[in-house]
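A.B. asks: Just passing along the structure, written as structure tokens.
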Ligand SMILES: [Ca+2]
């Protein structure tokens, strides 16, 4: 288990390492590159190998629609989607409104 800081090497004697992240220190969405250099028992050092890990938001947002219970005839009113929210590190950016007619 290791908390990674950008450009700060973490040394282990085990061949795997877990990238530990708390919710408040999560990697932001997008591409993140990690590098490995290995050293043999004679002290010879490898050239680096690198991988890019994409942190992706795969969780659907939740729509929350609020509206007044009743409105006067021929009066304007507002539909409010501000309580809609996202999970998975993203944010709601588009609201798609549809009038479905009378039940
Ligand atoms: Ca999401």
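A.B. asks: Fewest Cβ neighbours within 10 Å first, please rank 34, 73, 4 accordingly.
C.D. replies: Neighbour counts put them in this order, fewest first: 73, 34, 4.
A.B. asks: Using only the C-alpha atoms of the chain, find the volume of their convex hull and express it per residue in Å³. Present the calculation step by step, with values, prior to reporting the outcome.
C.D. replies: On the way: hull volume 15.7 nm³, N = 103.
Convex hull of Cα atoms, per residue: 152 Å³.
A.B. asks: Take every Cα pair under 8 Å in the chain that's 6+ residues apart, average their separations, divide by the length, and report that relative contact order as a whole percent. Numbers along the way, then the final one.
C.D. replies: Values: 113 pairs, mean separation 19.3, N = 103.
RCO, the chain: 19 percent.
A.B. asks: Sticking with this structure for a sec: Simple spin-label model, 7 Å along Cα-to-Cβ: residue 8 to residue 35 in nm?
C.D. replies: The two pseudo-label positions are separated by 1.7 nm.
A.B. asks: What are the semi-axes of the equivalent ellipsoid for segment 35-92, taken as the square roots of 5 times the Cα gyration tensor eigenvalues, largest first, in whole Å?
C.D. replies: Working: eigenvalues 679, 13, 7 Å².
So the three semi-axes of segment 35-92 are 58, 8, 6 Å.
A.B. asks: Continuing with the same structure: According to the Kirkwood expression over distinct Cα-Cα pairs, how big is the hydrodynamic radius of segment 1-56, in Å?
C.D. replies: 13.0
All of the numbers you see were taken from the coordinates with simple rules; none came from a lab. Computed from a prediction, not measured in an experiment: that's the story for all the values here. Methodologically, a virtual Cβ is constructed for each residue, glycine included, from the backbone with ideal geometry; neighbour enumeration extends over all protein chains shown.
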